[in-house]
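Novice: Quick one: the structure is below, questions incoming.
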Amino acid sequence: MDFDKIIQELSQNEKKVLLTLKKLNGSASPQELVKQGDFTQVAEVMNAASWLQSKKLVAIEDHITTVYSLGKEGKHFVQNGLPEKRALKYLSEHNGKSSLKDLSQILEQSEISVAVGWLRTKGWVNIKKDKETLLEITDQGKKVLEIESEEEKALNYLDGHPNTTFEKTKLSSLLSRKNVLKEKEQVTSTIVLTEYGKKALEKRIEITEEISQITSALIKTGDWERTAIRPYDIHAFAPALYGGKTHPLVALIGKIRDIFIEMGFQEIEGDYVESCFWDMDVLFIPQDHPAREMQDTFYCKNPKRFPIKEKTLLESIAAVHENGGTTKSTGWGYQFSRTEGEKTLLRTHTTVSTIRYLYDHPQPPCKVFSIGRVFRKENIDTTHLPEFYQIEGIIHEENANFRQLLGILKEFYRRMGFEKIRFRPGYFPYTEPSMEVDVFWNNKWMELGGSGMFRPEVTEPVGVKSPVLAWGLGLERLAMQAFGLKDIRSLYISDLEWLQKTPLR
Ligand code: PHE
């Protein structure tokens, strides 16, 4: 131990506690230290002592002691005397004799049997049974009348000194009576110098004026140069402080937003409640597609219908589904229902936002993205939630091509810190070609999203003539990887410890 350094880093109060302990032969209660050490509060002493304890210079020893004070019956005894003593007095005033019955003149009915019990066990009376029970005072009984018994002494003392320690053997008879005494456990501390503490005290410990915090006044007046500044012990124990901060998932969304903005994209937003028409019909998803079934999609009860205002678009979409319309496609070849699309639902993907954007802004070029929640009837497990975020985006440009799409996605994941990704052929009714994006994590490939180029069946009816690159990627699975979580649900359980310990990035 480097005692010089330790002493240098002691605060004023720590030094005061050490020096006072030395004066008091190495151990003292906090109260004594307050008195002898010129402190104003026990808290000051305890605070300094616990720092000294963490530096191994003192030990704080806790003892549990039992303290006593008077109970209800005990107070009554102090005022009126013990019932057996009162009975004894009555006897002595009546020639040393009395019938049991006559005691009721000075004692409550409930006290009589108590008094007689004690008188007999203490040998202060003899009891004779004739026609009635007779009590006769003994010599010993006469003697005790003159003196204060141990019990009385204890009662009187506790009356003046509540909550004090007492030799328990002296209280045993009082303790055997109901409600006479109250017992309480009290923790008292003793602060004791350790061997290190004693060694440190062999050095010179001086209480000099010093500052532990620089203030603007100290700087302005230049006093900081003239005053000693207490060195910091950066290894000293201190409780961890957790300030308020952004939820990790929200922070991650912010990071994704920044990446797309840096790559030249603009953010768009959409509503949670959508029509089937925009969420599916416009995206060339056939009306008998399994994803539309009740077990996959949340349909809304209220509002149940969402009138389709875009009449021309509705006609083009009907034609595209039935026979391809003017797109050279053959369509799906079924009878399109113009009312099916009015059904309301919670959007199943954010592709609905980008297709709406294209309809409103058919002129290229555009690069937009959105980060928003979507809803699907998934069973909850370690990798599935019925409500999750999608990172959606499109590039609409005259010469946009498939290789550009691969490059953009690869670059996005690279900026997120995922170097190893792979593309697989995929299928979506609204894109051609289509592909799936996987990221390598935990020694396996994890599916993160879909992408592709919008088909003419999608672009032509909304008035778009140039190619559109599109993608929709999962956020939560990405977050699991970023935060090293095994269960997707952890993101939405407010586990304080996890929230506190996850660093801001
Ligand atoms: N909408 C698709 C999904 O929810 C993702 C996707 C978006 C695919 C855009 C292709 C193009 O999985």
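Novice: For ALA251 and GLU432 in one chain, what is 0.36 nm times their gap in residues minus the Cα-Cα distance, to one decimal in nm? Write down the numbers at each step before the final one.
Specialist: On the way: separation 181, 0.36 × 181 = 65.16 nm, distance 3.39 nm.
Answer, rounded to one decimal: 61.8 nm.
Novice: Relative contact order for the chain: what is it in percent, counting Cα pairs under 8 Å that are at least 6 residues apart?
Specialist: It rounds to 13 percent for the chain.
Novice: With every protein chain left in place, what is the accessible area per residue of the chain in square angstrom, probe 1.4 Å? Don't jump to the answer; show the numbers that get you there.
Specialist: Values: 28490 Å² over 505 residues.
For the chain, the solvent-accessible area averages 56 Å² per residue.
Novice: Loop-only GluC sites (Glu not before Pro) in the stretch 282-350, please: DSSP not H, G, I, E or B, and at most 10 other Cβ atoms within 10 Å.
Specialist: On the way: sites: GLU293, GLU310, GLU315, GLU322, GLU340, GLU342; in loops: GLU293, GLU310.
For GluC sites (Glu not before Pro) across the stretch 282-350 that sit outside H, G, I, E and B with at most 10 neighbouring Cβ atoms in 10 Å, the list reads GLU293.
Novice: Considering only Cα-Cα distances, which of the following residue pairs are longer than 31 Å: LYS85/LYS184; LYS255/LYS377; LYS23/LYS170; LYS23/LYS75?
Specialist: LYS23/LYS170; LYS23/LYS75
Novice: Take the alpha-carbon centre of the stretch 186-200, take the same for the stretch 70-118, and report the distance between them in whole Å.
Specialist: Comparing the Cα centres of the stretch 186-200 and the stretch 70-118, I get a distance of 51 Å.
Novice: Also, quick follow-up: What do you get for chymotrypsin sites (Phe, Trp or Tyr not before Pro) in the stretch 1-85 restricted to DSSP loop and a cutoff of at most 16 other Cβ within 10 Å of the site's Cβ?
Specialist: none
Novice: With a cut-off of 8 Å between alpha carbons and a minimum separation of six or more residues, what is the relative contact order of the stretch 70-179 in percent?
Specialist: Result for the stretch 70-179 is 32 percent.
Novice: Now, a different point. Give, as a single signed number, the net charge of other residues whose beta carbon lies under 15 Å from the beta carbon of ARG338, with Lys and Arg counted +1 and Asp and Glu -1. Write down the numbers at each step before the final one.
Specialist: Numbers: positive: ARG305, LYS309, LYS311, LYS343; negative: ASP281, GLU310, GLU315, GLU322, GLU340, GLU342.
Surrounding charge for ARG338 is -2.
Novice: Also, I was wondering about something else. Tell me which residues come under 5 Å, amide H to amide H, from GLY449 once H is placed; ignore anything under 5 positions away on its chain.
Specialist: Excluding prolines and chain starts, which carry no amide H, the hits are VAL437, GLY474.
Novice: May I ask you to derive the FRET efficiency for ASP159 and THR194 from their Cβ-Cβ distance with R0 = 41 Å, giving the value to the nearest 0.05?
Specialist: Rounded to the nearest 0.05, the efficiency is 0.50.
Novice: State the percentage of accessible surface on the stretch 70-179 attributable to carbon and sulfur atoms; use a 1.4 Å probe and exclude ligands, DNA and RNA.
Specialist: Roughly 48 percent, rounded to a whole number.
Novice: Estimate the FRET efficiency between ARG204 and GLU378 by the formula 1/(1 + (r/R0)^6), using the beta-carbon distance for r and 56 Å for R0, to the nearest 0.05.
Specialist: Step by step, r from the Cβ atoms, then E = 0.20.
Novice: How many nm is it between the label spots at ASP38 and LYS309, if each spot is 7 Å from the Cα in line with the beta carbon?
Specialist: 8.2 nm
Novice: Also, I was wondering about something else. Mind jotting down a quarter of the surface of the convex hull over the alpha carbons of the chain, in square nanometres, one decimal?
Specialist: 48.0 nm²
Novice: Ignoring solvent entirely, what values of log10 I(q)/I(0) come out of the Debye formula for the stretch 70-179 at 0.18 Å⁻¹ when each Cα is a single scatterer?
Specialist: Normalising to I(0) and taking log10 leaves -0.90.
Novice: With each run of n ≥ 4 DSSP H residues scored as -39500 (n - 2.57), what mean residue ellipticity at 222 nm is computed for the chain after dividing by its residue count and rounding to the nearest 500 deg cm²/dmol?
Specialist: On the way: 21 runs with 187 residues, N = 505.
Mean residue ellipticity at 222 nm (helix-derived): -10500 deg cm²/dmol.
Novice: How far, in nm, would the chain grow between ASP271 and GLN79 when pulled straight, counting 0.36 nm per residue and subtracting the alpha carbon separation?
Specialist: Answer, rounded to one decimal: 61.1 nm.
Novice: Using a cut-off of 14 Å between beta-carbons, work out the net charge of the residues near THR165 (Lys and Arg +1, Asp and Glu -1, THR165 not included). Numbers along the way, then the final one.
Specialist: Working: positive: LYS168, LYS170, LYS182, LYS184; negative: GLU167, GLU183, GLU185.
Here the count lands on +1.
Novice: With the convex hull built on the Cα atoms of the stretch 40-133, state its orientation-averaged projected area in nm².
Specialist: Reported value for the Cα convex hull: 10.9 nm².
Novice: Can I ask one more? Tell me, how many Å apart are the Cα centres for the stretch 328-375 and for the stretch 210-232?
Specialist: When both Cα centres are located, 67 Å separates them.
Novice: Determine the shape class of the stretch 367-465: with a ≥ b ≥ c the square roots of the Cα gyration tensor eigenvalues, call it rounded for a/c under 1.5, and otherwise prolate if a/b is greater than b/c, oblate otherwise. Before the final figure, lay out each step's value.
Specialist: Details: a/c = 1.92, a/b = 1.33, b/c = 1.44.
Judged from the Cα gyration tensor, the stretch 367-465 comes out oblate (a/c at least 1.5, b/c at or above a/b).
Novice: Consider a paramagnetic label point 7 Å from the Cα of LYS56 along Cα→Cβ; state which residues of the stretch 4-19 have an amide N under 18 Å from it.
Specialist: 4-10
Novice: Among residues other than LEU103 whose Cβ falls under 14 Å from its Cβ, what is the net charge (Lys/Arg +1, Asp/Glu -1)?
Specialist: Overall, the nearby charge balance is -1.
Novice: Once the Cβ-Cβ distance between PHE423 and ILE234 is put in as r, and R0 is 35 Å, what FRET efficiency do you end up with, to the nearest 0.05?
Specialist: With R0 = 35 Å, the Cβ-Cβ based efficiency is 0.10.
The values are calculated or read from the model by the stated rules, or taken from the named source; none is laboratory data. Values in this document were obtained by computation on a predicted structure and should not be read as measured data. Note that we place each Cβ from the backbone using ideal geometry, even for glycine, and neighbour counts take in every protein chain shown. Just so you know, the surface numbers come from the protein's heavy atoms only, side chains and all, with ligands and any DNA or RNA stripped out. Shrake-Rupley method; radii C 1.70, N 1.55, O 1.52, S 1.80 Å.
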